[in-house]
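Participant: My structure is below; once you've seen it, I'll send some questions.
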Amino acid sequence: MAKRTLNEISRLDDPALTSIFDYLSDYDHETVILCYAESQRRRLQLSDKQQSRLNEYAKDNGFDDIKHWSKEFLEKHKLENFQELFEDHATEARQNIAREQASQKGVVNRYPALNTLIGVNKFFALVIGTLAASLFLIEILKGSLDIVFGALVLVIGTLLVLGLLVWSELIKVLIDIEYNTRQASGKK
């Protein structure tokens, strides 16, 4: 998941900022709420589709909608509105957010071997998926009874791809559980 800092977000132009709402799953929660904050600060009109995606994303993260999530975010950082987040006198809130973002970066760097394994799994999933699809297409183009073999290769390849992707996601979940447990216990 991509992570953007408050400084990076505030420097995005309007189309780049709102495009993040079209690809919410590519960004972490903090980036999404900060982008929403910036869009509110700029008084940008979000499309109905973007607003719907934001509300759905908020629901997936335990909030009624994006407005409730943003309200909780403001309360957490002791802010009246999003404008304060970007003004000079809100340095304490910005520092807290920067500290949170810095501590979360440690999760990526804390387990470099596991993060490498995730990348390797995804690479092999891509290779196996491509090979399985190619072999299936070759068998179909050849004709004859080899279509059964091609279908078998496609099914086995699909299962291998899914297994590798599930394994990668499981590793991410375990890293997130470790991070959340460490945060809850107050350890850095």
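Participant: Hey, what do the phi angles of the range 40-50 turn into as Karplus ³J(HN,Hα) couplings, whole Hz, using 6.51/-1.76/1.60 and θ = phi - 60°, x for Gly and Pro?
Facilitator: With coefficients 6.51, -1.76 and 1.60, one gets 5, 4, 7, 6, 6, 8, 8, 5, 4, 5, 5 Hz.
Participant: OK, next. In whole Hz, with x marking every Gly and Pro, tabulate ³J(HN,Hα) for the range 10-22 from phi via Karplus 6.51 cos²θ - 1.76 cosθ + 1.60, θ = phi - 60°.
Facilitator: Calculated HN-Hα couplings, in order: 5, 8, 5, 6, 4, x, 5, 5, 6, 5, 4, 6, 8 Hz.
Participant: Give the long-range amide H neighbours of Tyr27: residues separated by 5 or more places, or on another chain, with amide H under 5 Å away, using H modelled in the peptide plane at 1.01 Å from N.
Facilitator: Ala2
Participant: Take the residue pairs Lys76/Lys122; Lys122/Lys142; Lys3/Lys78; Lys59/Lys122; Lys49/Lys76 and return only those whose Cα atoms are more than 26 Å apart. Numbers along the way, then the final one.
Facilitator: Details: Lys76/Lys122 37 Å; Lys122/Lys142 30 Å; Lys3/Lys78 23 Å; Lys59/Lys122 28 Å; Lys49/Lys76 28 Å.
Where the Cα-Cα span goes over 26 Å, the pairs concerned are Lys76/Lys122; Lys122/Lys142; Lys59/Lys122; Lys49/Lys76.
Participant: Between Ser10 and His68, how many nm apart are label points set 7 Å from Cα along the C-beta direction?
Facilitator: Result for the modelled spin labels: 3.0 nm.
Participant: Could you tell me which of rounded, prolate or oblate describes the range 1-58, using a ≥ b ≥ c as the square roots of the eigenvalues of the alpha-carbon gyration tensor, with rounded for a/c under 1.5 and, failing that, prolate when a/b is larger than b/c and oblate otherwise?
Facilitator: Here the range 1-58 falls in the oblate category.
Participant: Can you list the HN-Hα couplings for the range 166-183, worked out from phi with the Karplus curve (6.51, -1.76, 1.60; θ = phi - 60°), rounded to whole Hz and with x for Gly and Pro?
Facilitator: Taking θ as phi minus 60°, the curve returns 5, 4, 4, 5, 5, 4, 4, 4, 5, 5, 5, 4, 4, 4, 5, 5, 5, 5 Hz for the range 166-183.
Participant: For the range 137-188, go through all pairs of different Cα atoms, get the mean of 1/r, take its inverse, and jot down that Kirkwood value in Å. Write down the numbers at each step before the final one.
Facilitator: Numbers: mean 1/r = 0.0714 Å⁻¹.
Value: 14.0 Å, from the Cα pair sum.
Participant: Whole angstrom only: what separates the Cα centroid of the range 112-131 from the Cα centroid of the range 11-58?
Facilitator: Comparing the Cα centres of the range 112-131 and the range 11-58, I get a distance of 30 Å.
Here, each number is a calculation from the coordinates, and none is a lab measurement. All of these numbers come straight from a predicted model, not from anything done at the bench. Note that we place each Cβ from the backbone using ideal geometry, even for glycine, and neighbour counts take in every protein chain shown.
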